[in-house]
1. For a label point 7 angstrom out from the Cα of residue 5 toward its Cβ, which stretches of the range 21-47 have the backbone nitrogen within less than 16 Å?
2. Give the order of 160, 206 when sorted by the count of other beta carbons within 10 angstrom, beginning with the fewest.
3. Counting helices only, and only those DSSP H runs with n ≥ 4, report the 222 nm mean residue ellipticity of the chain as the sum of -39,500 (n - 2.57) divided by its residues, in deg cm²/dmol to the nearest 500.
4. Using the number of other C-beta atoms within 10 angstrom as an exposure proxy, rank 192, 86 with the fewest first.
5. Fewest to most neighbouring Cβ within 10 Å: what's the order for 103, 29?
6. Please compute the contact order of the chain in relative form: average sequence separation of alpha-carbon pairs under 8 Å and at least six residues apart, divided by the residue count, as a percent.
7. Go through 33-39, 56-62, 104-110 and give me the packing order, highest mean Cβ count within 10 Å leading.
8. Contour minus end-to-end for residue 155 and residue 177, with contour as 0.36 nm per residue of separation and end-to-end as the Cα-Cα distance?
């Protein structure tokens with residue numbers, strides 16, 4: 001009997017996948033046999049290197065797509081390329097996002113617009129085009145990356161928190177809309193995860209957040225990637241419209 005974790009024959013796109021959580025997700029999907037499409041727009045050399053690393057490490061097919069997730073034209077063009085190359089898409093991991101913390105009184109219109117362009121509009125655009133490809137085979141799994149901040153909020157993160165709360169709302173709505181086509185839509189809400197972003201926090205802020213984790217360890221990108229793998233695989237074929245927290249019991 002074939003393992004329900006086998007992703008052989010599946011095509012997966014992971015946005016923002018050259019580092020951190022996205023890179024961990026690309027690796028775990030490739031490890032289980034998926035053809036992986038990596039995405040990153042700021043460093044073409046790094047994207048190419050990551051594609052070659054995936055190919056070499058797992059002996060699977062991989063491609064790089066350097067599109068801006070918040071650009072309607074770029075997203076449309078990239079999904080056209082996916083269709084030409086593979087005629088299908090089975091898994092979408094909406095991971096790309098930006099974080100620009102500011103206290104409410106310091107939030108600028110530019111901060112709001114840029115964060116929502118990537119974290120909200122980008123997720124909607126990718127779901128829109130991915131679901132069209134998935135509907136051709138009446139099958140697919142979309143996993144959106146939200147955040148614990150989108151569920152419970154945090155000081156200085158009004159804009160980021162609201163963008164990640166929007167991801168939860170769109171996940172629940174899209175799950176209802178796409179279920180008749182057998183396309184599942186779920187979200188993962190990470191807590192405090194060991195990434196380049198969290199390592200740049202001031203020491204006092206880092207310790208404050210670490211102290212709020214009941215399991216007394218910081219999460220890893222692999223912790224999040226394993227949850228994504230579960231939702232992308234056939235282990236979760238009757239699960240949709242769910243928000244899975246990966247936070248070690250973090251209390252903010």
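What follows is calculated from the coordinates using simple rules that are stated; it is not laboratory data. Just so you know, these numbers come straight off a predicted model, no measurement behind them. Please note: Cβ atoms are built from the backbone with ideal geometry, for glycine as well, and neighbour counts cover all protein chains shown.
1. Of the residues in the range 21-47, 25-34 have backbone N under 16 Å from the label point off residue 5.
2. With the fewest neighbours first, 160, 206 line up as 206, 160.
3. -14000 deg cm²/dmol
4. Numbers: 192 20, 86 15.
Placing the least packed residue first, the sequence is 86, 192.
5. Ordered by Cβ neighbours within 10 Å, fewest first: 103, 29.
6. Values: 499 pairs, mean separation 49.4, N = 252.
This gives 20 percent for the chain.
7. Numbers: 33-39: 26.0, 56-62: 14.6, 104-110: 9.9.
Taking the mean over residues of other Cβ atoms within 10 Å, the ranking is 33-39, 56-62, 104-110.
8. In short, 4.6 nm is gained.
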